[in-house]
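Visitor: Have a look at the structure that comes next, please.
What follows is calculated from the coordinates using simple rules that are stated; it is not laboratory data. These numbers come from a predicted model, not from an experiment. All Cβ positions, glycine included, derive from the backbone under ideal geometry; neighbour counts span all protein chains shown.
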Amino acid sequence: SETFRRYPDPLYIKDREFRYLYVNDAFARYMGREPSELYGKDDFALLPEKAAQICRSNDVRLFANENRETTRVWESEETIEFEGSVRSLVVRRYLLRDSSDTPY
């Protein structure tokens with residue numbers, strides 16, 4: 001939606017295979033790319049190995065703690081070296097579910 005796209009904080013949605021399904025403009029700027037360059041890719045395709053491992057580890061923790069009766073949230077600070085600079089972002093991950101109750 002337009003509201004998601006223009007939200008001032010970086011937002012993204014990933015699937016169970018950890019691929020980016022949707023990103024907003026702020027996240028694309030944070031990553032230094034156009035939104036279309038992120039869709040369908042995982043962190044290993046976009047980041048240095050060490051940074052991608054940090055992101056994947058935190059994503060895996062969220063899915064590992066999945067609980068159908070409560071909203072699961074995993075918050076972490078991720079500091080990565082990316083394209084010659086050090087970037088830090090506090091990431092709050094939410095486990096969402098589609099219409100068939102599959103988490104993503």
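Visitor: Please specify each residue of the stretch 83-93 satisfying the condition of being surrounded by fewer than 12 Cβ atoms within 10 Å (Cβ to Cβ) and in a strand (DSSP E or B).
Guide: Scanning the stretch 83-93 gives 85, 86, 88, 90, 92.
Visitor: Okay, next question. Scan the stretch 6-51 residue by residue and report those that are outside any loop (DSSP other than H, G, I, E, B), surrounded by fewer than 15 Cβ atoms within 10 Å (Cβ to Cβ) and of a type in the set (Lys, Arg).
Guide: Across the stretch 6-51, the qualifying residues are 6, 29, 50.
Visitor: Let me ask something else. Could you list, ordered by first residue, the pairs with Cβ atoms under 6 Å in which the first is in the stretch 78-98 and without any contact (Cβ under 8 Å) to a residue 40 or more places away in the chain and under 14 Å from residue 56 (Cα atoms) and the second is small (Gly, Ala, Ser) and part of a strand (DSSP E or B), at least 6 apart or interchain?
Guide: That search, which allows pairs on different chains as well, returns 79/88; 91/76.
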